[in-house]
Amino acid sequence: MKLSGSQEDYLKTIWYLEKESKRANAKSVADAYGVRPPTVLSMFRVLARRNLITYNRSDGACLTVKGELLARKLVRKHRLIETFLEQVLQMDGGILHREAEKLEHVVSDQLMYRIDAYLGYPDKDPHGSPIPLLAEKNHIIPLHQVSEERSFIIKKISLSQDLTEYYAQHELQTGSIWTMSGRVPDQSSFLLSNGKRYVAVSAEAAESILVAVKG
């Protein structure tokens, strides 16, 4: 999937906001870019059509599994490039970010694998920020594994059409943000809250709902 540099930057911005447990609504992304919210909403529609994000007014934009992988890969490239520029080329720290912003969109995956190996597989960039793994599969987990009081984003629902529609009527759908409010002691059901309402989910259904824990 070939994306423009601007599309990749939007995915990266949403990724950063999600990591900070912030809602990536039109205003927050517009503030990050210095553009007007309608411009952001236009890009959201493009990214949603490509199945890279989901969007609704209350929750803002949320990365899909595919969108999260692309965003994480971009952040990984950026931080590895910064590390390479500092350690190997001994470039001044003041320009690392600016140069990495340009290169992250054009450097191939194969070259990044080689740079990573050459650097000895670093886990932090020159600024001390963690270099994300290429595939953080453990961050996408079944709903029933979420700890109490942890917030999460619904990433995938693999239920019958009737159950999917039922939960959608209660706002439990892909891209929505919820908190694990409680669980029955025998783990037979789970109580979720989105700040406006509560929804109970059976253990069987919870196994078929994949989520990304925030924070």
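Each reported figure results from applying straightforward, stated rules to the coordinates on display, with no laboratory input. Just so it is clear, the structure is predicted and the values come from calculations on it, not from any experiment. Every residue, glycine as well, gets a Cβ built from its backbone with ideal geometry; the counts of neighbours run over all protein chains shown.
Worth a mention:
- Angle in degrees between helix 109-118 and the longest Cα principal axis of the chain, rounded to the nearest 10: 70
- Theoretical gain in end-to-end length, Asp31 to Val184 [0.36 nm per residue, Cα-Cα removed]: 50.9 nm
- Across the chain, Cα pairs under 8 Å and at least six residues apart give a relative contact order of 19 percent.
- Overall form of segment 68-118: oblate. Here a/c, set by the Cα gyration tensor axes a ≥ b ≥ c, is 1.5 or more, and a/b is not larger than b/c.
- Near Met112, once Lys and Arg are set to +1 and Asp and Glu to -1 for all other residues with Cβ below 12 Å from its Cβ, the sum equals +2.
- In straight-distance terms, cross-link reach from Lys102 covers every one of the lysines whose alpha-carbon lies under 19 Å from its own, apart from those fewer than eight places away in the same chain; here that gives Lys2, Lys12, Lys73, Lys77.
- Ala200-Ser58 FRET efficiency (beta carbon distance; Förster radius 22 Å; 0.05 resolution): 0.60
- Placing pseudo-labels 7 Å out from each Cα toward the beta carbon at Leu119 and Ser193 gives an inter-label distance of 4.2 nm.
- Centroid-to-centroid separation of segment 80-104 and segment 8-46 [C-alpha atoms, Å]: 25
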